[in-house]
């Protein structure tokens, strides 16, 4: 009915977020994806089981890479510089914080990527008829926090910057 009061339960918009990359500071990204994990399924049946089918048990947790995308700007080389520090099994690990913000700019959900390191940086793709912003991507290990900084189940990701 028109003019009726609405409740306060609304889904969080996913377009207001910030990313902090350890000593590199806060970097503006266009998109964050890959904050997911799953439990691998182990199928098992012992030899004297009266049931003629396997049982399914949870196995190791499997995670995907976290990908961060951003436009390319003149003299913005932080991600390339971080990637270029990889030499002969030596890397500079950084803690990455991804915060989903509310309308006041306060974090409502926080993902902590522990010991993140770049595995891939994708540079520009030049096209004479293109008008898209160029993209860089990133990945990392993570723990998810919710609400008032209450820690939730830890996630583990292979750290990367695409």
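The values are calculated or read from the model by the stated rules, or taken from the named source; none is laboratory data. As the structure is a prediction and not an experimental result, all values here were calculated from the model. Counting neighbours? That spans all protein chains shown, and the Cβs are built from the backbone with ideal geometry, glycine included.
Of note:
- Residues of the stretch 62-84 classified as in contact with a strand residue (DSSP E or B) (Cβ under 9 Å, 6 or more places away or on another chain) and over 27 Å from residue 39 (Cα atoms), total: 8
- Out of 121, 72, one residue alone is at pLDDT below 80, more than 14 Å from the chain's Cα centre (by Cα) and crowded, with 16+ Cβ neighbours inside 10 Å. It is 121.
- Residue 35 being in contact with a strand residue (DSSP E or B) (Cβ under 7 Å, 6 or more places away or on another chain), outside any strand (DSSP E or B), under 30 Å from residue 81 (Cβ atoms) and in contact (Cβ under 8 Å) with a residue 12 or more places away in the chain: yes
- Residue in the stretch 97-105 that is in contact with a helix residue (DSSP H, G or I) (Cβ under 7 Å, 6 or more places away or on another chain), closer than 17 Å to residue 63 by Cβ, modelled with pLDDT of 85 or more and buried (at least 19 other Cβ atoms within 10 Å of the Cβ) present: no
- Residue in the stretch 84-92 that is surrounded by 15 or more Cβ atoms within 10 Å (Cβ to Cβ) and under 26 Å from residue 16 (Cβ atoms) present: no
- So residue 57, is it farther than 27 Å from residue 126 by Cβ, out of contact with any helix residue (DSSP H, G or I) (no Cβ under 9 Å at 6 or more places or on another chain) and at pLDDT below 85: no
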